[in-house]
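One structure is given here, and the rest of the page talks about it.
The values are calculated or read from the model by the stated rules, or taken from the named source; none is laboratory data. Computed from a predicted model, the values in this text were never measured in an experiment. Here the Cβ positions follow ideal geometry from the backbone for every residue, glycine too, while neighbour counts run over all protein chains shown.
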Amino acid sequence: MSETSNGDGLRKAYARVQEVKETHETALMDDPNVIGVGVGLRFVEGKPTDEVALIIMVRRKLPETLLEEGEMLPAELDGVPVDVQEVGDVAAH
């Protein structure tokens, strides 16, 4: 695949994830543990992949066993992969 077509594919992927972000951001931000929603590369085992994903930033990532039904964030939204990333509390300096 040429760099141009790969670049076009990446731009399209980012644009698609941005659309999903705009659609779901308000509802996701209603979760008290969610502190931000963005678009970026998915991380697996601490390393970036080449997969564009909806990034949901949370104060604390909790094990599934500690979550009540309906509290778990989705693995994907509208066919777009979701990457939940723990960032802690964020404060302006």
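Things worth noting here:
- Each residue in the range 64-77 was checked for being assigned to a loop (DSSP other than H, G, I, E, B) and not aliphatic (A, V, I, L, M), and 5 pass.
- Some residue of the range 50-63 being without any contact (Cβ under 8 Å) to a residue 24 or more places away in the chain, assigned to a strand (DSSP E or B) and either over 24 Å from Val90 (Cβ atoms) or not basic (Lys, Arg) (or both): yes
- Residues in the range 9-33 that are modelled with pLDDT under 95, surrounded by 12 or more Cβ atoms within 10 Å (Cβ to Cβ) and either within 30 Å of Glu69 (Cβ to Cβ) or out of contact with any Asp or Glu (no Cβ under 9 Å at 6 or more places or on another chain) (or both): Gly9, Asp31, Asn33.
- Pairs where the first residue, in the range 1-13, is closer than 19 Å to Leu41 by Cα and in a helix (DSSP H, G or I) and the second is at pLDDT below 90 and of a type outside the set (Gly, Ala, Ser), C-beta under 9 Å, 6+ apart: Gly9/Met1
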